[in-house]
Amino acid sequence: MKEFIGIPYEKLDCWDLIQAVYARYLDMDLGDRTEQSGHIKDGTWGEVNVEDLQRYDVLVFDDGFQPHVGLVIDGGRFLHTIAGVNSCVDSYKRSQWRDRLRRAYRHKRLAYMVV
């Protein structure tokens, strides 16, 4: 996923970044933004426990202004971007993110795929 690190937020916001990764690595089109809190489409995603996170799960954070989403890449790390910051890898276990983590989702197609 190295090619997705360092992309300006103005080019890809947090949801667009997730869509790009899904298209590139999973050959999946996530469609449009349908749920305000994280843009997760009803029926296509299932909520997962934070203790059971896997690669490509989507994390939904409350950043105080609007929902923010990131993509799990491995144990404790996620890919994301926020206004004014290029896309980067961060730890969702750090207090800055852990305290804002509200939900996690897994695309239902991932249950049938080896990722």
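The values are calculated or read from the model by the stated rules, or taken from the named source; none is laboratory data. For clarity, every value in this text was computed on a predicted model and none was experimentally measured. Glycine gets a Cβ as well: all are built from the backbone with ideal geometry, and neighbour counts include every protein chain shown. For accessibility, only protein heavy atoms count, side chains too; no ligands or nucleic acids. Shrake-Rupley method; radii C 1.70, N 1.55, O 1.52, S 1.80 Å.
Using R0 = 30 Å, the C-beta based FRET efficiency linking Asn86 and Ala111 works out to 0.40.
For percent of Cα pairs over 22 Å apart, the value computed from the atomic coordinates appears in the list (1) 52; (2) 24; (3) 36 under label (2).
A simple packing score, the average count of other Cβ atoms within 10 Å per residue, orders the peptides 69-76, 83-90 as 69-76, 83-90, with the highest score first.
Across segment 90-107, coupling constants 3J(HN,Hα) worked out from phi with the 6.51/-1.76/1.60 Karplus curve, θ = phi - 60°, read 9, 9, 7, 8, 5, 4, 4, 9, 3, 6, 9, 5, 9, 8, 9, 10, 10, 5 Hz, and Gly and Pro carry x.
Roll a 1.4 Å probe over the protein chains and send me the accessible area per residue for the chain in Å². Walk me through the intermediate numbers first.
Working: 6500 Å² over 115 residues.
For the chain, the solvent-accessible area averages 57 Å² per residue.
Extension gain, Arg24 to Glu47: 0.36 nm times the residue separation minus the Cα-Cα distance gives 6.0 nm. Over all other residues within a Cβ to Cβ distance under 9 Å of Arg77, the charged ones net out to -1, with Lys and Arg as +1 and Asp and Glu as -1. The figure for Tyr105 is an accessible area of roughly 20 square angstrom, using a 1.4 Å probe on the protein chains alone. Subtracting the Cα-Cα distance of Arg100 and Asp62 from 0.36 nm times their residue separation leaves 13.2 nm of extension gain. The heavy atoms of Lys108 offer some 100 square angstrom of accessible surface to a 1.4 angstrom probe.
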